[in-house]
Amino acid sequence: MNSRTSSGLSHIGIGLLLIGVASSLASTTDTVQVPVGVVTPVEPGNGVAGYGVRFDGVELVEGGGVQQATARIAVDRRQLRPSLVSFVANGATSVETATDRGWRTDIQVSLIDADANRAIVRISRHPGMSLIWLGAAMMTLGLAIGATLPSTRPRTAEHERLATKVDS
């Protein structure tokens, strides 16, 4: 390998990362109320239109000062398990988002509220995330290859003068 390979990998990585960032600007989010067991289509006109969402129930777990509600949500047959976690001692609630990673688009589902009959979920579509990660990996690989290669830059008279000054 040579410095051109290293430089080429890094530049391709930068390009992929920039394409991924530009694609991610088209991210969309919608909130949907889903009855238990029914496939609810996300309505056209919304940013995540075309997805079918089904709520398959919720599990409640309590213990150690924590109450956790974990929903079973299917988005186009992909099973996701977002949760709401309540900390009893301080009254704080935390949302744990479930993510389905794909090459073109990542889908994130956040549980807003749920009971035995329905769930309210926030669905987000983030295109281009894989390109961001792939670009960053290629830039890192190019940097690592470049760091292990010997320098091919010719030494100038100024370099030689400074090197002899340091040695003496």
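How high is the relative contact order of the stretch 27-150? Use alpha-carbon pairs under 8 Å, at least six apart in sequence, and give a whole percent. Before the final figure, lay out the partial values.
Numbers: 272 pairs, mean separation 27.7, N = 124.
Relative contact order of the stretch 27-150: 22 percent.
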Practice item. For the chain, just list the percent of Cα-Cα distances falling in each 5 Å bin from zero outward, please. Key: 2, 8, 12, 12, 11, 10, 9, 8, 6, 5, 4, 3, 3, 3, 2, 1, 0
Exercise for review: State the extension gain, in nm to one decimal, for the chain segment bounded by Val95 and Glu59, taking 0.36 nm per residue of separation less the distance between their alpha-carbons.
Suggested key: 11.5 nm
Point to revise | the chain: angle of helix 129-148 to the longest principal axis, Cα-based, in degrees nearest 10 | key: 20 degrees
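FYI, it's all coordinate maths here, none of it is from the lab. All values reported here derive from a predicted model rather than from experimental measurement.
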